[in-house]
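Enquirer: Got a structure for you, written out below as structure tokens; questions coming shortly.
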Amino acid sequence: MTGAGRGIGKRLAIGFAGQGARVGLLARSKAELDLCHLEIEHAGGNALRIRTDVADFEQVAAAVERMRVQFGAAVQVLICAAAVQGPIGPFAETAPRSWNEVIHTNLIGVMNACRAVLPSMIERRHGKIIVLTGGSGSQARPNFAAYAATKTAVVSFVESVAEEVRDHNIQINCMAPGSSYTHMTDQVLAAGEKAGWREIEEAQQVRLTGGVTAEKQIELALFLASEQSNHISGRLLHVGDDWKKLREGSVKPELYTLRRVQRN
């Protein structure tokens, strides 16, 4: 689990551990990793924390190997949740240097994590990969151009790699977890007018209500990590979609693509 130190990544890590999974926690912040690890252990779960920068392939590969040795098995499910929001404001006013971290974390980080686990998944002919994206993965998000571009890029990356590994019995999908209260919410509010009034209104509402519940996000992620989703790969599922019909086989997975025209 990349990005396991905070936000939705932490939510999912705790949720999977609560279902009995042995979870490898990857993030850059030692303090945040320690806290997540402590919460999982106090709840009776099993987790291994590894300080890792997903932008560095060697660090990611070393973390994957350490999990293999510690748990006695290769990674069965990879969840890519590490992301940064990057510059907020009109694109023409942003500093080119500020795009680098966004691209290296949100896009290259996903590529590094997938590259680190796929060889063993291909060898075993089994594996699940879930990549978190957002609403900007399928629609415009003015004043957040760098973030939106990387999230759209990872969806296209997932669609493409899914076709490459389909015959190896590996499923890779994107999950849009919906708006939840995280540190990114506070960043939007702190940006003020640069974020735009729509973003401010949504962030204020999310801060007030908490946004999408952890239970809904965990439920969708568990489904994508289960054998019940073996017929689904290269798709973009939003937590607000009626995705349970996929489990029942009453709708076709082909509806859930980056280029879809509406939710189902």
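Enquirer: If you place +1 on the Cβ of every Lys and Arg and -1 on the Cβ of every Asp and Glu, how big does the dipole about the Cα centre of the chain come out, in debye to the nearest 20?
Expert: The dipole magnitude comes to about 280 debye.
Enquirer: Take the alpha carbon gyration tensor of region 1-137, find the square roots of its eigenvalues, order them as a ≥ b ≥ c, and report rounded if a/c is under 1.5; if not, report prolate when a/b exceeds b/c, else oblate.
Expert: prolate
Enquirer: Okay, moving on. If the elastic network links every pair of Cα atoms under 10 Å, which of Lys128, Lys30, Lys252 fluctuates the most in the Gaussian network model of the chain?
Expert: Lys252
Enquirer: Who wins for biggest fluctuation among Thr152, Thr94, Thr52 in a Gaussian network model of the chain, springs between alpha carbons below 10 Å?
Expert: Looking only at Thr152, Thr94, Thr52, the biggest GNM fluctuation is shown by Thr94.
Enquirer: Here is a further query. Which value, in Å², gives the accessible area per residue of the chain when a 1.4 Å probe is used on the protein heavy atoms?
Expert: Per residue, the chain has 49 Å² of solvent-accessible surface.
Enquirer: Need one word for region 1-78: rounded, prolate or oblate. Basis is the Cα gyration tensor (sqrt eigenvalues a ≥ b ≥ c); a/c below 1.5 gives rounded, then a/b vs b/c decides.
Expert: It is oblate, given that a/c is not under 1.5 and a/b is not larger than b/c.
Enquirer: Whenever you get a sec, compute what percent of the accessible area on region 113-237 sits on carbon and sulfur atoms (1.4 Å probe).
Expert: Summing carbon and sulfur atoms, their accessible area is 51 percent of the total for region 113-237.
Enquirer: Would you grab the residues whose amide H sits under 5 Å from the one on Gly24? Only those 5+ places off in sequence or on another chain, please, with H modelled 1.01 Å from N.
Expert: When sequence neighbours closer than 5 places are left aside, the close amide H contacts are Leu48.
Enquirer: For region 201-243 and region 81-119, write down the distance between their C-alpha centroids in whole Å.
Expert: Measuring centre to centre over Cα atoms gives 22 Å.
Enquirer: Among Ser179, Ser233, Ser98, whose mean-square fluctuation peaks in a Gaussian network model of the chain (Cα, cutoff 10 Å)?
Expert: Comparing Ser179, Ser233, Ser98 in a Gaussian network model of the chain, the most mobile one is Ser98.
Enquirer: Using just the helices of the chain, give the 222 nm mean residue ellipticity in deg cm²/dmol: DSSP H runs with n ≥ 4 each add -39,500 (n - 2.57), and the total is spread over all residues, rounded to 500.
Expert: -14000 deg cm²/dmol
Enquirer: Also: Could you please report the charge total around Leu35, scoring K, R as +1 and D, E as -1 over all other residues with beta-carbon less than 15 angstrom from its beta-carbon?
Expert: +3
Enquirer: Sticking with this one: Give the calculated FRET efficiency between Leu208 and Phe71 to the nearest 0.05, with a Förster radius of 30 Å applied to their Cβ-Cβ distance.
Expert: With a Förster radius of 30 Å, E is 0.15.
Enquirer: Please give every one of the lysines within straight-line cross-link reach of Lys10, meaning a C-alpha to C-alpha distance under 29 Å, and leave out same-chain neighbours fewer than 8 residues apart.
Expert: Partners within reach: Lys30, Lys128, Lys151, Lys194, Lys216, Lys244, Lys245.
Enquirer: Need the C-alpha centroid separation for region 1-43 versus region 142-190, integer Å.
Expert: One Cα centre to the other: 20 Å.
Enquirer: Still on this structure, please answer the following. Say the dipole of region 21-77 comes from +1 at the beta carbon of Lys and Arg and -1 at that of Asp and Glu; which of Leu35, Gly72, Thr52 then lies farthest toward its positive end?
Expert: Value: Gly72.
Enquirer: Something else: Could you tell me the relative contact order of the chain? Use alpha-carbon pairs under 8 Å, at least six residues apart, and round to a whole percent.
Expert: 17
Enquirer: A further question follows. Relative contact order (percent) for region 38-101, with alpha-carbon contacts under 8 angstrom and 6 or more residues of separation?
Expert: 16
The values are calculated or read from the model by the stated rules, or taken from the named source; none is laboratory data. The shown structure was predicted, so the numbers you read here are calculated from the model rather than taken from an experiment. Ideal geometry is used to build each Cβ from the backbone, glycine not excepted, and the neighbour counts take in all protein chains shown. Keep in mind that these areas ignore ligands, DNA and RNA; they rest on the heavy atoms of the full protein, side chains included. Shrake-Rupley method; radii C 1.70, N 1.55, O 1.52, S 1.80 Å.
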